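The values are calculated or read from the model by the stated rules, or taken from the named source; none is laboratory data. The structure presented is a predicted model; accordingly, all values stated were derived computationally and were not measured. Methodologically, a virtual Cβ is constructed for each residue, glycine included, from the backbone with ideal geometry; neighbour enumeration extends over all protein chains shown. The accessibility values were calculated without ligands, DNA or RNA, using every heavy atom of the protein model including side chains. Shrake-Rupley method; radii C 1.70, N 1.55, O 1.52, S 1.80 Å.
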Amino acid sequence: MLSPKPPRWKVPSGFSLHWQSWDDEFVVYNSGSGDTHLLDVVAAEALQSLERESANLLELARKVAASLEIKLDDKLSAYLERLVPDFHRLGLVERIK
Amino acid sequence: MFAFPTAHSSRFHQDSSRRRELREGPKDRSMTIQSISSLSPSELARQLRDQGLNLGIGPFVTRIQSTIPSVVRGIRLLYAGYPIEKDSTFADFHVHLAPPRGLRRWFRPQVLFFFDGHVPFKPLPLAQAYPFFEWGLNWCVAQYANQYLILHAAVIEKGGHAVIMPGPPGSGKSTLCAGLVAGGWRLLSDELALISPQDGRLTPMPRPVSLKNESIDVIRKFAPGVTIGPESADTTKGTVAHMKVPDESMARVDEHATAAWVVYARYDAGAPARLERRSKAQTLLHIVRNAFNCSLLGERGFQTAADLIDTCDCYDFTYSDLDQAVGVFDTLLDEGLLPIS
C-alpha cells in the first residue's frame, strides 16, 4: 500500500502579508483576515518561506534550518508540526490539494 | 470591534484660518473671531437652545444644542476659549442633549444624547449630563473620523516631541496627562490620538481632561491654578470632573506634532517613578488591536501604526507621585534622551 504524500502548505495567493520587525520579534498583518500576529524568528521564517513557495513540513524544516543556520532536529520539526496547523487555523496558510 | 461607517472626508477638512486668527488676531480688522467667552451667559444659553452653536474643536466643527443647565455651564466654563464657527454651513457632528419626554422628566430625570437625530446610547441620570456630553463627543470622533488612525490614548508634547500614552481606564493615564499638562506640557488630546496615515503626524484635539475619583483632588493639590469643572458623582466611572485645557495648548491647536515616545503609564501606590523599555513588536500588536479603527483602515492602518512605532521609543512607566513623574519626563526631555526626529 502506498503511503500518502505529506500535505503541502502555502500562503494563499488572494491576499498579502505585511511585515514589521525589530530584532528577533516579527509582527505580521494578514490582509485576508484583518488580523495581526506576533511571531518569533522561527515562525516568521517559516511563514515567509511559505509566502515565497509551497512546502511540506520536512521541506519547510530544512529551509528554516538552512536560512536561520540552526540545527535541523526533532525539536524544530516538532515545533513546525504544531506551528503550521496554527497558521492554517489563523488563515495564514492553506493546504494545497 | 464595531463596524465603522466611512466618514465623508470632505466634512473633516476644515479651514483652520479662523482659529489661527483667534490666536494671532484677524488679518482683516472687519473680521472678528468669536469665542465662547465673548458671549454673555444669556446669549450662550440662547444659541445653545435655538439654532445650536458651532464649536470648533481641533479639526472638527460640532454643532451643539442643549437647554440643560449643567451642559450650558460646563461649556461656558470649560470651552471658554474655543472658537465659534459662525460661518460654517455644516458641522461634522450634530449633538443634542435633552431630557426624554414623558413622566421621566419629573420622576428621576434623565438625559439623552442625540447624534444626527439618532440616540446611540441609553439615557443617563440628568446629573451626569455634562460627562455624557464629553463621552458622547469622544464616541462621535472614534466612530466617524476615519481619515485618522484613532488610538485610545492621551497625547502631550514638549520641545517638539509628542508622547502618546495609551492605557485602559483606571491605569492612571489621565492623571499623569493632567499633571504633565499642568506642568507645562502641551495637551493635544486626553482620550483620542489622531494619527494621519499620510504623514504619521498627530492632529491636536484638545478637550477638557477627564479626571476620576481620587485623581480630582490629586490634581487640585498638584496644580491649584487649574480650572476644574463641577463633579458628577455615581457615574459608571465613579465621580468625574473635567480639567480645563490651558490657554497655551489652545493657542497652538493648529500645530501638528510628531510622536517620539509611546508610554504605557500605570499608577502603582507607593512605587517610585520607573521607566522601562518595552518591546516594539508587543507595542505594535497592542496598538493595532486596540485602535478604534485599525481594522477598518486595513493595510493602511497597520502601516501607519507600524511606522509610528518604528520611529518611537516605547516604554512602560510606573509612578505614584505626580511631582516625581513629571520630573522624570522633564529630565528625560532635558537630557536629550528622546529620539530626535
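Give me a comma-separated list of calculated 3J(HN,Hα) values for region B:224-230, in order, Karplus coefficients 6.51, -1.76, 1.60 applied at θ = phi - 60°, integers in Hz, x for any Gly or Pro.
x, x, 6, 9, 10, x, x
Relative to the compact-globule scaling 2.2 N^0.38 Å, provide the ratio for the alpha-carbon radius of gyration of chain B.
Normalised Cα radius of gyration, chain B: 0.98.
Can you give the accessible area per residue of region A:8-96, in Å², using a 1.4 Å probe?
That works out to 52 Å² for each residue.
Peptide A:19-31: average number of partner chain Cβ atoms within 10 Å per residue?
That average works out to 5.
Give the Rg (one decimal place) followed by the Dmax (whole number) of chain A, computed from C-alpha coordinates and expressed in Å.
13.3, 49
Could you give me the ³J(HN,Hα) list for region B:270-280, computed from phi with Karplus coefficients 6.51, -1.76, 1.60 and θ = phi - 60°, whole Hz, x at Gly and Pro?
3J(HN,Hα) across region B:270-280, in whole Hz: x, 7, x, 5, 9, 10, 10, 5, 10, 4, 5.
What's the average, rounded to a whole number, of partner chain beta-carbon atoms within 10 Å of each residue's beta-carbon in B:286-297?
2
Using a 1.4 Å probe on the protein chains only, how many percent of the accessible area of region A:8-96 belongs to carbon and sulfur?
47
What are the radius of gyration and Dmax of region B:148-335, computed over its Cα atoms and given in Å?
Rg then Dmax for region B:148-335, in Å: 15.7, 46.
B:T235's amide H: which non-local residues (gap 5+, or another chain) put their own amide H closer than 5 Å, with H modeled 1.01 Å from N in plane and none for Pro or chain starts?
Close amide H contacts, sequence-distant or interchain: B:V240.
Once label points are set 7 Å from the Cα along Cα→Cβ at both B:D307 and B:K237, what is their separation, rounded to one decimal in nm?
3.1
Based on the mean of other beta carbon atoms within 10 Å per residue, what is the order of B:143-149, A:72-78, B:293-299, most packed first?
My ranking of the peptides, most packed first, is B:143-149, B:293-299, A:72-78.
5 Å is the cut-off here: which amide hydrogens, built 1.01 Å from N in the peptide plane, fall below it relative to A:V93, excluding neighbours closer than 5 in sequence?
For A:V93, whose amide H was placed from the backbone, the distant partners under 5 Å are A:H88.
Per Stokes-Einstein, at 37 °C and 0.692 mPa s, what whole-number D in µm² s⁻¹ belongs to the protein assembly as shown, with the Kirkwood radius over Cα pairs as the hydrodynamic radius?
136
If you rank A:V41, B:V245 by how much accessible surface each has, with a 1.4 Å probe, what is the order from largest down?
So, going from the largest accessible area down, we get A:V41, B:V245.
Show me, for region B:169-181, the HN-Hα J-couplings you get by feeding each phi into the Karplus relation (A = 6.51, B = -1.76, C = 1.60, θ = phi - 60°), rounded to Hz, glycine and proline as x.
Per residue, the Karplus-derived 3J(HN,Hα) values read x, x, 7, x, 4, 5, 5, 5, 4, 4, x, 5, 5 Hz.
Looking at region B:33-145, what % of the alpha carbon pairs are farther apart than 17 Å?
Considering region B:33-145, 51 percent of its Cα-Cα pairs are separated by more than 17 Å.
Averaged across B:162-175, how many Cβ atoms of other chains sit within 10 Å of each residue's Cβ atom?
Taking all residues of B:162-175 together, the mean is 0.
How high is the FRET efficiency between B:E43 and A:I70 when r is their beta carbon distance and R₀ equals 51 Å, given to the nearest 0.05?
0.10
May I ask which of B:K86/B:K212; B:K86/B:K237; A:K10/A:K75; A:K10/B:K173; B:K122/B:K244 have a Cα-Cα span longer than 32 Å here?
Correct reply: B:K86/B:K212; B:K86/B:K237; A:K10/B:K173.
Quickly rank B:224-235, B:206-217, B:260-271 as a protection proxy: mean count of other C-beta atoms within 10 Å, highest first.
So the order, starting with the most tightly packed, is B:206-217, B:260-271, B:224-235.
Kindly list the residues of region B:147-175 that lie in the label zone of B:D321, defined by a backbone N under 18 Å from the point 7 Å along the Cα-to-C-beta vector.
Output list for this probe position: empty.
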